[in-house]
Amino acid sequence: MQARMTNPAYVLPGALKGIGTLLQAIGESGLDREVAELVGLRVSQINGCGACVHGHVDNLRKAGASEERIASVAAWRHAPFYSDAERTALTLAETVTRLADRSEEAVPDGLWDEVADHFDERELSALILTVSLTNLFNRVNTTIKEPAGTTWG
């Protein structure tokens, strides 16, 4: 399998620089890396991005996540392997990713309050940016048919 074109972030180097700056800020936020990767994996599963699913699984393994946790992300509501904070982060990730499926408030106040109970403002900022950036990556990669196993940088 081959991508339709070179990843646009490499075609437009200014884009890659901006993405790198966002990733650096997320990394410096204090948000737990495993939480960020679980969220990235779930968003990528929803969006059907094979390249990102593969990348997040690889990153979770490198971070020391158990195979149980990795394998159960798609059904996290029915698996005992996640903390309350992780469950809240996954709920937010799904809610933000599925904005078009909602007819009411995009992120309900109750969910916001629950997320804010588990994450400070810096971590919450990183969580929101992680979800948003993952959705961006998913849309780019599915559009150009980036194959699973592709590595970047």
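The values are calculated or read from the model by the stated rules, or taken from the named source; none is laboratory data. Keep in mind it's a predicted model, so treat the numbers as computed, not measured. Every residue, glycine among them, receives a Cβ derived from its backbone with ideal geometry; neighbour counts consider all protein chains shown. The accessibility values were calculated without ligands, DNA or RNA, using every heavy atom of the protein model including side chains. Shrake-Rupley method; radii C 1.70, N 1.55, O 1.52, S 1.80 Å.
Worth a mention:
- Within segment 70-106, the residues that satisfy the criterion of being in a loop (DSSP other than H, G, I, E, B), modelled with pLDDT of 95 or more and not small (Gly, Ala, Ser) are 80, 81, 82, 98.
- Restricting segment 56-69 to residues that are part of a helix (DSSP H, G or I) and open to solvent by less than 50 Å² (accessible area, probe 1.4 Å), the residue that is farthest from residue 135 (Cα to Cα): 69
- Of the residues making up segment 1-11, those that are assigned to a loop (DSSP other than H, G, I, E, B) and surrounded by 12 or more Cβ atoms within 10 Å (Cβ to Cβ) are 3, 5, 7.
- Entry remark, segment 12-22: residues being assigned to a helix (DSSP H, G or I) and surrounded by fewer than 14 Cβ atoms within 10 Å (Cβ to Cβ) number 6 in total.
- Any chance residue 25 is under 28 Å from residue 147 (Cβ atoms), hydrophobic (A, V, I, L, M, F, W, C) and surrounded by fewer than 17 Cβ atoms within 10 Å (Cβ to Cβ): no
- Residues within segment 70-126 that are among the basic types (Lys, Arg) and within 15 Å of residue 32 (Cβ to Cβ), tallied: 2
- Matching residues, segment 139-153, being closer than 16 Å to residue 58 by Cα and either in a helix (DSSP H, G or I) or open to solvent by less than 30 Å² (accessible area, probe 1.4 Å) (or both): 147
- Segment 70-115, subset crowded, with 16+ Cβ neighbours inside 10 Å and among the polar types (S, T, N, Q), residue nearest to residue 46 (Cα to Cα): 97
- Residue count for segment 32-45, restricted to those that are open to solvent by 20 Å² or more (accessible area, probe 1.4 Å) and closer than 16 Å to residue 85 by Cα: 5.
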